[in-house]
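Down below is the structure, laid out as structure tokens.
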2 protein chains.
Amino acid sequence: MATELKEQIINTSLFLFEKHGFHGVSVNQIVKASGTSKGGFYHHFQSKDELLFVIHDYFISYVLTNAEKAIVSSTYPTDKLQKIIKSFVTVFDLYKAHISVFYQESTYLKPKYEETIKQKRQTYRDIIFAVIQEGIDLGEFRPEISVSIIGMSIIGMINWSYKWYKKDGEKSIEEIADMYVDFILQSLLTEKAKQNPEFQSYFLHNRLPTGT
Amino acid sequence: MATELKEQIINTSLFLFEKHGFHGVSVNQIVKASGTSKGGFYHHFQSKDELLFVIHDYFISYVLTNAEKAIVSSTYPTDKLQKIIKSFVTVFDLYKAHISVFYQESTYLKPKYEETIKQKRQTYRDIIFAVIQEGIDLGEFRPEISVSIIGMSIIGMINWSYKWYKKDGEKSIEEIADMYVDFILQSLLTEKAKQNPEFQSYFLHNRLPTGT
DNA sequence: GAGCTAAGACCGACTAGTTGGTCTGTTTAA
DNA sequence: TTAAACAGACCAACTAGTCGGTCTTAGCTC
């Protein structure tokens, strides 16, 4: 089939890039590992740089779509934030390699590709910032926090997971997501909002106790 | 002087690596930019890989020493954690390039160097984990949290700053550090610990109000 | 159905340029 | 006088990318 080889190349290089980095893997290695040839590779990709872009774009587009879905399906900012966090963290099981490449190798994106990715990334940030701002405005989140700093903290804390998360680790990705939600909401919510029965299920101490 | 050129090479390549990545910079570029020659370079470094290691090791050793100082100078885990956070974040102003290289290019460390760095990194984690565990044991931190997940969340959230922090940004590194401390302690501390007058200064709402 | 055609899919030897690293020196300073 | 500090021409290995060619298959004609 037409796209079979292309996907094969993408998947193979994804794991190679994750392990050895973009410049640590040569086109020769890629074509060998994906069982094709130089010709096959350059039939599907203009350049090695384009391959890197395709991987980046695929991932960020997916994540962005997810976040957009999350914010329209809820009314409370607290719910929105919770959904964004959970949906993003879940991506780790599906696209661990994509994520690693996305965060490790974006330095190597050529300018013409970089622009597109940068924009989508900014859009993602803006969605999160907007939710936090809304939370403050509606009195759910503590007003003394800084939207941008807390926003970046949340993003950073979650993103960093790609450095240590392992599928066969002792905690499932859902458990980890729940801990993130608890951690973040414990800090963001006002005392009053914490009493709201709607949000009780987001707190760990209202659930089964989970230890170290 | 003996070490002058060596330091010159390190500093130059630090900024080159930060911008273009380890493999995005050739030895020729390095020697040109630092005003020396191949001979000069290989007189001071066994290989390009060793240079990368030296940069890594310098940075992690510095950070590690800082954390060790922080934990002996305090008695309360809350204070310890606060000091670790503040001391680490302050490093951003001093060693932004080191940090970027440390997190971006460690993939390219050759195995024989990687081991040393990995160990020091683990030691750093262990220090933080131990402080959190101690906080739980002494009743300052909420018992339902997971030491490792929260530990990695804190590390991630702070580390991620290297992706966006700018020296001439609108917030100083001290302000950002204070926000991290507030964010983290709001979530970690038990209701009772939050009442402890010793810890009041760590919370934003007890300070001058800072907006978005 | 058989026979033909054209185009997309793929192959791999080849190239021009670059890479990290070496080696034979020369300079410097103690 | 001696050893460390540096210089730079040189090299083998590898790099991304090219290009003339072959294979496969869908669609058409009879």
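Only the coordinates and a few stated rules stand behind these numbers; no lab work does. Since we're looking at a predicted model, the values are computed, not measured. Glycine gets a Cβ as well: all are built from the backbone with ideal geometry, and neighbour counts include every protein chain shown.
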Item to check | A:Val72 paired with A:Lys171, simple spin-label distance in nm, labels 7 Å along Cα-to-beta-carbon | outcome: 3.3 nm
Checklist outcome for this item: Any residue on another chain or 5+ positions along whose placed amide H is under 5 Å from the amide H of B:Phe141 is listed here as B:Ile136, B:Thr190
Checklist entry - If you put a point 7 Å past Cα along the Cβ direction, how far is that point for B:Thr75 from the same point in each other copy, in nm, smallest first? => result 5.2
Next on the checklist: Ordered shortest first, which distances in nm separate the 7 Å Cα→C-beta label point of A:Ser37 from those of the other copies?
Outcome noted: 4.6
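For a Förster distance of 56 Å, can you work out the FRET efficiency between the beta-carbons of B:Leu64 and A:Ser37, rounded to the nearest 0.05? Walk me through the numbers before you get to the answer.
On the way: r = 48 Å, r/R0 = 0.86.
E between B:Leu64 and A:Ser37, to the nearest 0.05, is 0.70.
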Item to check | Per-residue ³J(HN,Hα) for the stretch A:153-159, Karplus 6.51 cos²θ - 1.76 cosθ + 1.60, θ = phi - 60°, Hz, x for Gly and Pro | outcome: 4, 5, 4, x, 4, 6, 4
Checklist entry - What number in nm² do you get for the stretch A:135-212 if you take the convex hull of its Cα atoms and divide its surface by four? => result 6.0 nm²
Next on the checklist: Based on C-alpha coordinates, I'd like the Rg and Dmax of the stretch B:13-165, in Å.
Outcome noted: 18.0, 60
Checklist entry - Tally Lys and Arg at +1 and Asp and Glu at -1 over the other residues with C-beta under 15 Å from the C-beta of B:Val147: what net charge comes out? => result -4
Next on the checklist: Using a 7 Å offset from Cα along the direction of the beta-carbon, what are the separations from A:Lys171 to the same position in each other copy, nm, ascending?
Outcome noted: 2.4
Checklist entry - Give or take rounding to whole Å, what are the principal axis extents of the alpha carbon atoms in the stretch B:1-45, in descending order? => result 29, 16, 16
Next on the checklist: Can you return the aspartates and glutamates within cross-link range of A:Lys171? Criterion is Cα-Cα under 13 Å, with same-chain partners fewer than 8 residues away left out.
Outcome noted: A:Asp93
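Cross-chain or 8 or more residues apart, Cα under 18 Å: how many lysine pairs in the stretch A:1-72 fit that? Count them up, please. The partial results should precede the final answer.
Details: A:Lys6/A:Lys32; A:Lys6/A:Lys38; A:Lys6/A:Lys48; A:Lys19/A:Lys32; A:Lys19/A:Lys48; A:Lys32/A:Lys48; A:Lys38/A:Lys48.
Number of lysine pairs found: 7.
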Checklist entry - In the stretch A:161-199, which GluC sites (Glu not before Pro) fall in coil by DSSP and have 14 or fewer other Cβ atoms within 10 Å? => result A:Glu170
Item to check | 0 to 90° range, to nearest 10: angle between helix A:111-137 axis and chain A longest Cα axis | outcome: 10 degrees
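At 0.890 mPa s and 25 °C, plugging the Kirkwood radius over alpha-carbon pairs of the protein assembly as shown into Stokes-Einstein gives what diffusion coefficient in µm²/s? It would help to have the intermediate numbers written out before the result.
Working: Rh = 23.1 Å.
Rounded, D is 106 µm²/s.
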Checklist entry - Helix-derived [θ] at 222 nm for chain A: sum -39500 (n - 2.57) over DSSP H runs of at least 4, divide by residue count, nearest 500? => result -22500 deg cm²/dmol
Checklist entry - Can you give the average number of partner chain beta-carbon atoms within 10 Å of each beta-carbon in peptide A:159-172, as a whole number? => result 3
Checklist entry - Hey, what did chain B get for relative contact order, percent, Cα under 8 Å, at least 6 apart? => result 21 percent
Checklist outcome for this item: Measuring from the longest principal axis of the C-alpha atoms of chain A, the long axis of helix A:4-20 (C-alpha) lies at a number of degrees, nearest 10, equal to 70 degrees
